[in-house]
Amino acid sequence: MDLKKQEDFLNNIASKLGRPRRSGVEPPKWESKPYLHLYEGKSHEELIEDFITNLGQLNTKVDRISRDQFAASLGNVIQDFEVRSTVYWDDEALDSLCLSDVLEKNQIDAFRWDPNENEEEMKQRTAHVDLGIVFADLGLAETGTVVLFNGGGRGRLVSLLPPKFLCILSEKDIVPRLTQAVQKVHERVSEGLPACINFITGPSRTGDIEMDLAFGVHGPGKVHVILLKDE
Amino acid sequence: MSAHPLIFNERVDKALADPILKKALPLTQDRLRGGRINAAEQLGNVEEWRELASQIRSHTIANLDSYLEELVTNVRKNGGHVHFAATSDDAVEIITGIAKEKNAKSVVKSKSMVSEEVHINKHLEDMGIKVVESDLGEYIIQLANETPSHLIAPAIHKTREQVREMFSKVAGRQLSDETTELTAFAREKLRQEFLQADIGISGCNFAVAESGSVVLVSNEGNARLTTTVPKVHIAMMGMERIVPTWNELDMVVSMLTRSATGQKISVYVTGINSPRQSEDSDGPEEFHLVILDNGRSNILGTAYQEALNCIRCGACLNVCPVYRHIGGHAYGGVYSGPIGAVLTPLLGGYEEWLELPYASSLCGACSEACPVKIPLHDLLIEHRKDEVEMGLTPFSEKMAFKGFGFATSHPSVYETAVKLAHSGMGFLAKDGVISKGPGMLGGWTDVRDLPQPAKQSFREWWKKEGKGRNQ
């Protein structure tokens, strides 16, 4: 029944297009690359600077630090954002920064997004903490975007429900723009994509009341990025 | 399409007499258009971007059967459910069916123009289900029991005072008219709705055929909540909203956000690739993709096929001198502005929408602004021609007269049109003229003299071309 509906639907499209049904079409190689001039010739250092500048314009501070400065840097975020509680990803990259120890030292009520824990409890808890902490897969220089491949211990709600959001990123993972990020997603299609991929650029915003800009209407209204220098 | 109590001319008169619209429309247009122009200037080569985006959209539509087949094969492979809806009624049956099966008590929605097309809220509410719009603008107009008046900024016709009143009523306490307090209230109120909703219904900015993904573009984060918190996610997709691979997604997303608000990218671009996977402990357990035709296929293979290239950015609304004066509701359909004047008669038929192709000055600003190069004003002329050829001659002649009358009896529409059409400059310079044009900023009643057109006026054009088409 469903398959017949599908066939009718697609056959109708072919017929309206005035040709036989097509299947397995692949897009042509697009010759034009209008985005090239936006980053061609830029050094990686310049891309990093672009990333920081672009986020700065979106009310988002970026701390560029070496790994041994992480504890101090996180301490500052905790103070600036008045954080008392947090949820963070179950992620090796965060563990390698000894995140849970630093949180404990700062007397933060912290918990890990653990897929083995009770789901409903985690959701409720995440909805009530001050800050969500993740480690991003990519950063986009042109826009100041961070890219998250969610899944398992890397819960989607961590970057979404709390009113403040801290994203940690390695300098080496900064690429010029969306072009390189979608290429990486494209390459991963054959091995299967996670259920959700997020591209996040600064704090949640709206202009729906008289075009007056306001932050945090649904997603986090305050965002901070800690950028780890390559060592 | 939507049932509207007033006829076209009455809707226009009502809009023109509305002091709130008179203030809100130029403000919104100028802000959004200014953003787009800045973004285009930053690119430096916006024509190349438009050309590639146009090629990608045209290629996709020309091979739509193949890409849709690839999409749904992948959605199923990823564990999602696919539903084809040939008509609005089919879509309603599918979605109310899912709601019944899930015994749903409440639904949260993020913005979806397709859901407006099929009036899904009303049908769900008739079943006793609570439906909550979560986009701030959509929430405002839902409380006001109205429909969106702009693709990107649906509640531009409501003032903060009106919002304050409505929100205070819901809150049961008096709120201030500070934007931060009003949005904080919406956050708190809508968050409760999200956490208890059984189903989330979203639109679909673009589906990606190669991976069976649905991509959502938003600034508030409500689309993320809608597609993450409830156990069931239904995405409603117009059948043309698809790209072949993630690589093509780059171009259309880049053009969409730059053209809509001038942002280089929206705050959130979210790729939903499957229901939650075995190792996940958040995200919906069920994913349904509803693919809607609802008249779109009748546009294929016609002179109007390029209208299906539309990526719903609203840029054509923001440059249109007619939209500037009458706003979105006067168009009467789900889609307003130039793209609405092209699409609505195609989706809803000439009988009901005969006048819409005349809600235009044919100045061509829309075609120049369109990021995927839809020749909007050519298509409006095509409509006028077709209306005549379809044997609607006597009536359409009357309409032709009305169309002419509309522009000339509203001088600032006429003036804006003349300015736009005859500036003789390119894409950016043309928009530059608008932003400097004092006639655009003043009320239309201030402007009574018709300007001297530089080359060829609308009147002259009408004598030569418009009249010719009616013979």
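Under the condition of being small (Gly, Ala, Ser), more than 9 Å from chain B (Cβ to nearest Cβ) and open to solvent by 10 Å² or more (accessible area, probe 1.4 Å), the residues counted in the stretch A:112-163 number 0. Do we find that B:GLY301 is open to solvent by 10 Å² or more (accessible area, probe 1.4 Å), farther than 22 Å from A:ILE200 by Cβ and at the interface with another protein chain (Cβ under 7 Å from one of its Cβ atoms) in this structure? Here the answer is yes, as B:GLY301 does meet what is asked. Taking the stretch B:166-197 as the range and being of a type in the set (D, E, K, R) and more than 27 Å from the chain's Cα centre (by Cα) as the test, the residues that pass are B:LYS169, B:ARG173, B:ASP177, B:GLU178, B:GLU181, B:GLU188. In this structure, does B:THR180 turn out to be at the interface with chain A (Cβ under 8 Å from one of its Cβ atoms), polar (S, T, N, Q), under 29 Å from B:ILE299 (Cα atoms) and open to solvent by 10 Å² or more (accessible area, probe 1.4 Å)? Here the answer is no, as B:THR180 does not meet what is asked. Residues in the stretch B:78-109 that are out of contact with any Leu (no Cβ under 7 Å at 6 or more places or on another chain), at negative phi and among the small types (Gly, Ala, Ser): B:ALA86, B:SER88, B:GLY97, B:ALA104, B:SER106.
Residues that are assigned by TED's automatic domain parsing to the domain that holds B:ASN273, free of Cβ contacts under 8 Å to residues at least 40 places away in the same chain and under 30 Å from B:ALA209 (Cβ atoms) do not occur anywhere in the stretch B:141-148. For residues that are more than 10 Å from every other protein chain (Cβ to nearest Cβ) and β-branched (Val, Ile, Thr), scanning just the stretch B:221-244, find the one that is surrounded by the most Cβ atoms within 10 Å (Cβ to Cβ). Here the answer is B:ILE234.
Considering (1) among the polar types (S, T, N, Q); (2) at the interface with chain A (Cβ under 8 Å from one of its Cβ atoms); (3) in contact with a His (Cβ under 7 Å, 6 or more places away or on another chain), say which one B:THR159 fails and leave the rest. It fails just one condition, (3). Only residues that are more than 8 Å from chain A (Cβ to nearest Cβ) and either of a type in the set (Gly, Ala, Ser) or not in a helix (DSSP H, G or I) (or both) were counted across the stretch B:19-38, and they come to 2. When the stretch A:207-220 is filtered for residues that are open to solvent by less than 20 Å² (accessible area, probe 1.4 Å) and more than 7 Å from chain B (Cβ to nearest Cβ), only A:PRO220 remains. Of the numbered criteria (1) in contact with a His (Cβ under 6 Å, 6 or more places away or on another chain); (2) of a type in the set (A, V, I, L, M, F, W, C); (3) part of a helix (DSSP H, G or I), the one B:VAL322 fails is (1).
Checked against the criterion of being part of a helix (DSSP H, G or I), among the hydrophobic types (A, V, I, L, M, F, W, C) and either within 14 Å of chain A (Cβ to nearest Cβ) or farther than 21 Å from B:LEU347 by Cβ (or both), the candidates B:LEU124, B:LEU151 yield just one match: B:LEU124. Looking at B:GLU47, B:GLU41, just one residue is open to solvent by 10 Å² or more (accessible area, probe 1.4 Å), more than 9 Å from chain A (Cβ to nearest Cβ), touching a residue at least 12 places away in the same chain (Cβ under 8 Å) and in contact with a helix residue (DSSP H, G or I) (Cβ under 8 Å, 6 or more places away or on another chain), and that residue is B:GLU41.
In the set B:SER58, B:SER54, only one residue is open to solvent by 40 Å² or more (accessible area, probe 1.4 Å) and in contact (Cβ under 8 Å) with a residue 12 or more places away in the chain; that residue is B:SER58. The single condition among (1) farther than 30 Å from B:LEU225 by Cβ; (2) at pLDDT 95 or above; (3) surrounded by 21 or more Cβ atoms within 10 Å (Cβ to Cβ) that B:TRP353 does not meet is (2). Filtering the stretch B:246-266 to residues that are within 13 Å of B:LEU43 (Cβ to Cβ) and among the charged types (D, E, K, R) leaves B:ARG258, B:LYS264. Within the stretch A:4-33, residues that are without any contact (Cβ under 8 Å) to a residue 60 or more places away in the chain have Cβ atoms under 6 Å from residues that are aromatic (Phe, Trp, Tyr) in these pairs: A:LYS5/B:PHE84; A:GLN6/B:PHE84; A:PHE9/B:PHE84, counting only partners at least 6 apart in sequence or on another chain. Within the option set A:GLU26, A:GLU7, A:GLU31, being touching a Pro at 6+ places or on another chain (Cβ under 9 Å), within 14 Å of chain B (Cβ to nearest Cβ) and either at pLDDT 95 or above or surrounded by fewer than 16 Cβ atoms within 10 Å (Cβ to Cβ) (or both) holds for one residue only, A:GLU26. Looking at B:LYS130, B:LYS122, can you tell me which residue is at pLDDT 95 or above, within 22 Å of the chain's Cα centre (by Cα) and open to solvent by 20 Å² or more (accessible area, probe 1.4 Å)? Selected residue: B:LYS122, the only one of B:LYS130, B:LYS122 that is at pLDDT 95 or above, within 22 Å of the chain's Cα centre (by Cα) and open to solvent by 20 Å² or more (accessible area, probe 1.4 Å). Screening A:LEU193, A:LEU178 for residues that are at the interface with another protein chain (Cβ under 8 Å from one of its Cβ atoms) and in contact with a helix residue (DSSP H, G or I) (Cβ under 6 Å, 6 or more places away or on another chain) leaves exactly one candidate, A:LEU178. Within the stretch B:245-297, the set of residues being part of a strand (DSSP E or B) and at the interface with chain A (Cβ under 7 Å from one of its Cβ atoms) comprises B:TYR268, B:VAL269, B:THR270, B:GLY271, B:ILE272.
Of the residues in the stretch B:84-99, at least one is surrounded by 23 or more Cβ atoms within 10 Å (Cβ to Cβ), in the same structural domain as B:GLU188 (by TED's automatic domain parsing) and in contact with a Lys or Arg (Cβ under 9 Å, 6 or more places away or on another chain). Given the structure, is A:SER204 within 7 Å of chain B (Cβ to nearest Cβ), out of contact with any helix residue (DSSP H, G or I) (no Cβ under 7 Å at 6 or more places or on another chain) and crowded, with 24+ Cβ neighbours inside 10 Å? So A:SER204 fits the description; yes.
Scanning the stretch B:84-119 for residues that are part of a loop (DSSP other than H, G, I, E, B), modelled with pLDDT of 95 or more and within 14 Å of chain A (Cβ to nearest Cβ) returns B:ALA86, B:THR87, B:SER110. Taking the stretch A:203-231 as the range and being in contact with a strand residue (DSSP E or B) (Cβ under 6 Å, 6 or more places away or on another chain) and among the small types (Gly, Ala, Ser) as the test, the residues that pass are A:ALA214, A:GLY221.
The values are calculated or read from the model by the stated rules, or taken from the named source; none is laboratory data. None of the values given here were measured: they were computed from a predicted structure. Cβ coordinates were reconstructed from backbone atoms using ideal geometry, including for glycine residues, and neighbour counts include every protein chain displayed. Each accessible area value is taken on the protein alone, full model and side chains, heavy atoms only, with ligands, DNA and RNA left out. Shrake-Rupley method; radii C 1.70, N 1.55, O 1.52, S 1.80 Å.
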